[in-house]
1. Please report, in debye to the nearest 20, how large the charge dipole of chain B is about its Cα centre when each Lys and Arg carries +1 at its beta carbon and each Asp and Glu carries -1 there.
2. With a 1.4 Å probe and every protein chain left in place, work out the accessible area per residue of segment B:63-233 in Å², rounded to a whole number.
3. Looking only at other chains, what is the average number of their beta-carbon atoms within 10 angstrom of each beta-carbon in A:105-112?
4. For segment B:63-233, with all protein chains present and a 1.4 Å probe, just round the carbon and sulfur fraction of the accessible area to a whole percent.
5. Which value, in debye to the nearest 20, describes the size of the charge dipole of the protein assembly as shown about its Cα centre when Lys and Arg Cβ atoms bear +1, Asp and Glu Cβ atoms bear -1, and nothing else is charged?
6. Can you pull out the buried accessible area for chains B and A, both sides counted, probe 1.4 Å, rounded to the nearest 100 Å²?
7. Can you list the residues, at least 5 places off or on another chain, whose amide H is less than 5 Å from the amide H of A:ALA165, using H built in the peptide plane?
8. What share of Cα pairs, in percent, lie more than 49 angstrom apart in the protein assembly as shown?
Amino acid sequence: MIKIKNISRHYQMGPNTVKAIDDLTLNIAEGEFVSIVGPSGSGKSTLMNIIGCLDSPSSGKYTLAGEEVAGLSRNRLAGIRNKYIGFVFQSFNLLGRESAVENVELPLIYAGIPPKERRVRAMEILKRVELDGREFHQPNELSGGQRQRVAIARALAVNPKILLADEPTGALDTKTGAQIMALFRELQSEGVTLIMVTHDPDVASQAKRIVQVRDGKILVDVPVEEWNR
Amino acid sequence: MTTFKFTESVKMSVRSIASNKGRSFLTALGVMIGVAAVITLVALGNGTQKSVEQSLESLGSNLLILYSGETKGTSLVRRNTSNIKPSLTEEDLEFLNSLSPALITVSAPESSDSGQIKFGNKNTVGTVIGTNLNYPEVRNFYPIYGSFFSENDLAARKPAAVIGARIYKDLFEDGMDPVGQKIRINGVGFTVTGIMEEKGSSSSDTSIFIPMSTFQKYISGSDMYALINIQASDPDTMRELQTHIENEILRLHKLPNMDAADFYIANQLDLLNTLQGVTSTFTLLLGSIAAISLLVGGIGIMNIMLVAVTERTREIGIRMALGAKSSDILSQFLTEAIILSVGGGLIGIFLGITTAIGANRFGGMASSISINSVFLAFGFSVVTGLFFGGYPAYQASKLDPIEALRYE
């Protein structure tokens, strides 16, 4: 599903070149549930942005679902994001003026789905994340866990190959966080590929595979059983 | 852009405009005022131009006036000719009458003097004008009651008088029939034959028309005419006709050239052109002032749209992460700007038309709404939206999604 080969990502900070990602290689198969862990500044966010096609590597190859995406134009990347990737953010990133169902419809608008079909699909997905009855509430009328479930529904709306979650439980209490993780495991069992960035070891160990990043390189890449030992 | 994307952009824009009604209204207000100002001011300018043209046409059409005296000018307004030595003769008039009807329709000599008019114990002051039977036609000025003096009156130097509407009001009881009544002009008795129509200008309405022969006998004591009114047959050849008459009158007066002339010709076209020039400059000036306010309205839109882009940076980031292309973001913000400016423009058109009609109806100002100015103002508001909305929308579309998502 994801084939990353020898990618680097450099930033120019004044006179210095910062290597956020340094010659990194990573493969993730379809249906995997992977946690990317590491301290802040380790390059895990940059890696996440590259996997999510929000950013392009300075060098190296990145093949997503058989398509070479390194070096594509902004517009092509937008299309790839829309088609293959669902994002879940720490701070939910819902549009505050729009209702839950309208938020879920957003990626469907950019996928060119007609309004009636959008509504039907968005309603089904909200039901899937157990938010039926809350479809027409605005985000500020929902609890944190409910908001994150709206965000997950939105990420799932276009049937993406990959769900990318950036600290999905970071803004939630433990109990709600556990519910979200349960939902992720369910989704994985249905065949969705899940990649989650977190610095919380408890949350990370909910995945099946742990990738630890430091200084833009992969330090450890092991199944969760080994990690726990 | 597909129709689908266009509909989506419109929906998003309408929603965003509606969610911030107060600010949207203030943003559109600039364009509203600009468009309303363009339409109102151009309507007032056009109205002034039309009313000037109408009052000129009321003098008669295709009019040339052959004046005694040396002063050159283009005045068609009757001057007090009593202090200018009349220099035009019966011979001049005969020459004019001998010209083909293809050149001149009709001509009428005219001399005037101020006179004291009395009827019974009432008296007033008016301008006594001696002329012939062609006068009503050449000046487009006819009796409304009774009749103009007759051929016979002219031939026999009879003291017959047609009085202006003001003179009638000043001398006679309302509703009284003046025809056949005796009035005195500078002490001489005249029989009233009719009342002239009301022209609304005091110089016309305080005139008294008497046969030229009678004028010469009782008032001027001279055979000369102060001026001759000439109606040209064809407006397109008036300039040539004027030159032809100048040359012939110079010859009749035995004068070498126009510098030595004891007459001059005023041409209605010259006056019309001068006035049209003045009023169209006036309209243009008013229009430009209004256009500047439209420009300021456009800058207002740009200002607010830039603020909106900054405020909604995170929203833009989210939309991009979910798959919005640069063009989607561009069209969303551009559509919003255009809806604001076009909405403002439409309300402005309504306000402008209402104000122009109101100024006419309640303010007594001449106004004539020009369809062109309506289209122009509307077109300008569309262009304003495109142009001044374009830059902020472009800025929005070029945002980096990662930066935009991090924006607090």
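The values are calculated or read from the model by the stated rules, or taken from the named source; none is laboratory data. Not measured: the values here are computed from a predicted model. Ideal geometry is used to build each Cβ from the backbone, glycine not excepted, and the neighbour counts take in all protein chains shown. We work out accessible area using only protein heavy atoms, side chains counted, and drop any ligands, DNA or RNA first. Shrake-Rupley method; radii C 1.70, N 1.55, O 1.52, S 1.80 Å.
1. Charge dipole, chain B, about its Cα centre: 1680 debye, nearest 20.
2. 44 Å²
3. The shielding value for this peptide is 5.
4. So the carbon and sulfur contribution to the accessible surface is 48 percent.
5. Computed charge dipole of the protein assembly as shown: roughly 2180 debye.
6. Chains B and A together bury roughly 2400 Å² of accessible area.
7. Result for A:ALA165 returns A:VAL88, A:ILE195, A:MET196, A:VAL197.
8. Working: 97186 of 202566 pairs.
Here the tail beyond 49 Å accounts for 48 percent of pairs.
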